[in-house]
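Data first, discussion second: the structure below is written as structure tokens.
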Amino acid sequence: MARRFDIVDGPSKWNFAVSLFDGGSRGRRVVSFALKSSDSQTPFPLCFLINGAEREDGSGENWLFKGYSCSDAAKMVCAGRGFFSLQTRKGRIELEDSK
């Protein structure tokens, strides 16, 4: 079952692009999203590795992305996908429950 969150703040255009293209199997660039769930007013951070992105429209500012998150504290890896606007730095993300 997937969990959905609003992205209330995210990376700059540069950091978003670098996270996709820089690094190999080691030394990957991580972006940080500030997320808010429907049951909480306080945003919380999510570290995310972007593995793929495609243009959502012709503006070059709106992107569909996929990748995975990793929480060191919980030792969890969750696959995720979402929408992100580089102009507003807002969007949404859907995270799969870890197995």
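Considering only residues in the range 71-99 that are outside any strand (DSSP E or B) and at pLDDT 95 or above, the one that is surrounded by the most Cβ atoms within 10 Å (Cβ to Cβ) turns out to be Leu86.
One line per residue, one yes/no per condition, for (1) in a strand (DSSP E or B); (2) among the hydrophobic types (A, V, I, L, M, F, W, C); (3) surrounded by fewer than 16 Cβ atoms within 10 Å (Cβ to Cβ):
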{"site": "Gln41", "(1), (2), (3)": "no, no, yes"}
{"site": "Pro45", "(1), (2), (3)": "yes, no, yes"}
{"site": "Ala53", "(1), (2), (3)": "yes, yes, no"}
{"site": "Gly60", "(1), (2), (3)": "no, no, yes"}
{"site": "Ser69", "(1), (2), (3)": "yes, no, no"}
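Scanning the range 1-39 for residues that are of a type in the set (Gly, Ala, Ser), exposed (fewer than 15 other Cβ atoms within 10 Å of the Cβ) and more than 18 Å from Leu95 (Cα to Cα) yields Ser12, Gly23, Gly24, Ser25, Gly27.
Residues considered: Ala2, Ala53. Of these, the only one that is touching a strand residue (DSSP E or B) at 6+ places or on another chain (Cβ under 6 Å) and in contact (Cβ under 8 Å) with a residue 40 or more places away in the chain is Ala2. Residues of the range 38-70 that are polar (S, T, N, Q) and at pLDDT 85 or above: Thr42, Asn51, Ser59, Asn62, Ser69.
Cβ separations smaller than 8 Å between residues 6+ apart or across chains give the following pairs from the range 15-28 residues that are part of a loop (DSSP other than H, G, I, E, B) to residues that are surrounded by 16 or more Cβ atoms within 10 Å (Cβ to Cβ) and of a type outside the set (D, E, K, R): Arg28/Ser19; Arg28/Leu49.
The values are calculated or read from the model by the stated rules, or taken from the named source; none is laboratory data. Everything quoted here is computed from the prediction, not taken from an experiment. Methodologically, a virtual Cβ is constructed for each residue, glycine included, from the backbone with ideal geometry; neighbour enumeration extends over all protein chains shown.
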